[in-house]
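Presented below is the structure to which this report refers.
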Amino acid sequence: MQEKLRNAVVVGAGIGGLSAAIALRKTGLNVTVYERSEKDAPSGSGITQPQNTFKVLKDLSIYEDCLKSGVQLDYLEIMDKEGNLLLEVNQKFMNADGPGRNSIWRSSLKDVLLSKALSLGVIVEWKKNFTTYQENQTEVILSFEDGTQVSADLLVSFDGIRSQVRDIMLGRKVTPQYLGMGAWRVPLTFEKNTISKRSYMLLNGNTKVGIFPLTDKEGYLFILKPVPSDYWDDEKKRYYTVSEILKHFHGKADFIKTCFNKDTPIIFNLIEEVVLEEKWYRNRVVIGGDAAHASAPNLAQGAAMAMEDASVLGEELSNTTSLEEALHSYYVRRFPRARAIQSLSAELLKNELKGNFAQEEIIAKSDCILQEAY
């Protein structure tokens, strides 16, 4: 890049933010990441990485570490509520010779990313709550809740679906759109090798239950179920809510009912999306991940899309001659792909709200898009 950049600041030390830090550091930039939570804050349940994710894992030089920290799932079994097999799905939709999906704890993935970032010289500061920023022709000045300020040549934000950086950049408050379903995520523990290296999906009307191993004796359960937009499941009640939902499921679900208890930290959230009409950058500020295109989880592509954003941003900063050109090229490359996957994820969810789970055509469209290099 002829327009010399020396340093970049990343807001958010989640999966997307740490991926961006790695990609930016590889371009030669000095990179500092600011995260409002503590270093050891809980980071959710499990995550599955479909085969299209593997390219970006390799680009970030964390592919082998991710496979070592997770388990590889070659098949998904879709069943009715009684546990009768409806469909077996081969997860190797891109490469029949490689592993299928990699199933990994979110915390393990973040540990892999953090270790790689630190090894490259990235600085990460925890408990730094971003409040606002100002720009001039030569720099971005960030302010934090503790009264400190820092300046940078570039501000990169992966600070989530309710991104403060995004709202300041756009000059408006972006309200995520509720998509009609609630999601419960439940960590599971079981005897070693009780669950095979497969994942399972059980269907009952418009309610879906997914079961995924994450290690040889751990896994996670997710439930997607329609709820009103003002619904909230109190943390103290979630065990009973999940147990009541699972009463209607049998087969694999009967075993899973014994793998968590009243003390299990169950996560609940409403499924929302963010669709922006504006570009994802302005001057010296750029956004990615959920801040730019939060989507329904039905295609398991949220983290993959965020990591791809990060990798492409790094490539464009390396390959183009000006910051404006780099950020524009990043947006042009990423928007069509991310928007298409976001739209298909929402379409899947809307069909499932109606109890329609025969969606091979939508999944085939997604696979066709994802087989193309990002």
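Each part gets one Cα centre, and for segment 164-242 versus segment 310-374 those centres are 22 Å apart.
Report relative contact order for segment 1-84 in percent, whole number only (criteria: Cα-Cα under 8 Å, sequence separation at least 6). Relative contact order comes out at 23 percent.
Could you work out [θ]222 nm for the chain from helices alone, using -39500 (n - 2.57) per DSSP H run of at least four and dividing by all its residues? Round to the nearest 500 deg cm²/dmol. List each step's numbers first, then the result.
Values: 11 runs with 124 residues, N = 374.
After summing the helix terms and dividing by residue count, I get -10000 deg cm²/dmol.
Please report the projected area of the chain's Cα convex hull averaged over all directions, in nm².
Averaging across all directions leaves 17.8 nm² for the Cα convex hull.
Relative to the compact globular guide of 2.2 N^0.38 Å, what is the alpha carbon radius of gyration of segment 242-374, as a ratio? Each step should come with its number before you reach the end.
Values: Rg = 19.0 Å, N = 133, 2.2 N^0.38 = 14.1 Å.
Computed over Cα atoms of segment 242-374, the ratio equals 1.34.
Antiparallel beta bridges, as assigned by DSSP with both residues in the chain, represent about 70 percent of the total such bridges. Approximating the spin labels as points 7 Å out from Cα along Cα→Cβ, the residue 89-to-residue 351 distance works out to 1.0 nm. Spatial offset of segment 95-114 relative to segment 39-88 amounts to 6 Å, using the alpha carbon center of each. Were the residues from residue 58 through residue 217 laid out at 0.36 nm apart, the gain over their Cα-Cα distance would be 54.5 nm. Highest mobility in the GNM of the chain, judged by mean-square fluctuation with C-alpha springs under 10 Å and restricted to 95, 84, 136, is found for 136. If R0 equals 51 Å, the separation of the Cβ atoms of residue 360 and residue 145 corresponds to a calculated FRET efficiency of about 0.55.
Enter the mean projected area of the convex hull around the alpha-carbon atoms of segment 206-316, in nm², rounded to one decimal. List each step's numbers first, then the result.
Values: hull surface 40.7 nm².
Mean orientational projected area (segment 206-316, Cα hull): 10.2 nm².
FRET efficiency for the residue 372 to residue 276 pair, using the beta carbon distance and R₀ = 22 Å, is estimated at 0.45. Packing-based ranking of 14-24, 29-39 yields 14-24, 29-39, ordered from highest to lowest mean Cβ neighbour count within 10 Å. Within the listed set 149, 342, 301, the residue fluctuating most in the Gaussian network model of the chain (springs between alpha-carbon atoms under 10 angstrom) is 149.
Each reported figure results from applying straightforward, stated rules to the coordinates on display, with no laboratory input. Everything quoted here is computed from the prediction, not taken from an experiment. Positions of Cβ are generated from backbone atoms using ideal geometry, with glycine treated the same way; all protein chains shown enter the neighbour counts.
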